[in-house]
Amino acid sequence: KVDLPPVPADLASMAPQGQVVFMSGGACFVCHGMQGKGDGPAAPGLVYVSGKHQGKKVSPANLHRSDWFKGGRRPEDVFRAISTGLDGTPMPGFAASLSVEQRWSLTAFIMSLNPPAPPAGTPGAVP
């Protein structure tokens, strides 16, 4: 379990630093790809590491599609998944290797790849 600090008020402004973490310290791009689309160089070889699907192929999340997020879609959910990893999957936890600030900035970057849909009835909204 990880203590969940409050979501920073300036979360959106942390996205540029999160991109740096994504590409370097977190090495997220290795599985999630340079653009966060789940097509990184390690993606083809990923398998479930435990549970009923152990040994079966698993795809990393396309971070542009929140419906692919296994841990939830809210910033708190993304932060928790980054911190603890996802049970049974090759997604490790980064609480020991990334600071709280780095994990929030990474959360901000991931959220920026998947902005919320506009409300129904607004230009660009899907009816």
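The values are calculated or read from the model by the stated rules, or taken from the named source; none is laboratory data. These numbers were taken from a predicted model, which means no experiment stands behind them. Ideal geometry is used to build each Cβ from the backbone, glycine not excepted, and the neighbour counts take in all protein chains shown. All accessible areas refer to the heavy atoms of the entire protein, side chains included, with ligands and DNA or RNA removed. Shrake-Rupley method; radii C 1.70, N 1.55, O 1.52, S 1.80 Å.
Select from segment 81-91 the residues that are closer than 20 Å to Met14 by Cα and either small (Gly, Ala, Ser) or not in a helix (DSSP H, G or I) (or both) and list them in ascending order.
Within segment 81-91, Ala81, Ser83 qualify.
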Legend entry - Positions within segment 13-34 being surrounded by fewer than 17 Cβ atoms within 10 Å (Cβ to Cβ), assigned to a helix (DSSP H, G or I) and out of contact with any helix residue (DSSP H, G or I) (no Cβ under 7 Å at 6 or more places or on another chain), in sequence order: Ser13, Pro16, Val20, Val30
Inset, instruction - For Arg80, work out the one condition from (1) under 11 Å from the mean Cα position of the chain (by Cα); (2) among the basic types (Lys, Arg); (3) surrounded by fewer than 17 Cβ atoms within 10 Å (Cβ to Cβ) it doesn't fulfil. - result: (3)
Inset, instruction - Could you check how many residues of segment 92-108 are of a type outside the set (Gly, Ala, Ser), touching a helix residue (DSSP H, G or I) at 6+ places or on another chain (Cβ under 7 Å) and open to solvent by 20 Å² or more (accessible area, probe 1.4 Å)? - result: 2
Legend entry - Count of segment 1-12 residues which are among the aliphatic types (A, V, I, L, M), within 13 Å of Glu101 (Cβ to Cβ) and assigned to a loop (DSSP other than H, G, I, E, B): 1
Inset, instruction - Take segment 35-80 and flag every residue that is of a type outside the set (Lys, Arg), farther than 22 Å from Trp104 by Cβ, without any contact (Cβ under 8 Å) to a residue 24 or more places away in the chain and in a loop (DSSP other than H, G, I, E, B). - result: Asp39, Gly40, Pro41, Ala42, Gly55, Ser59
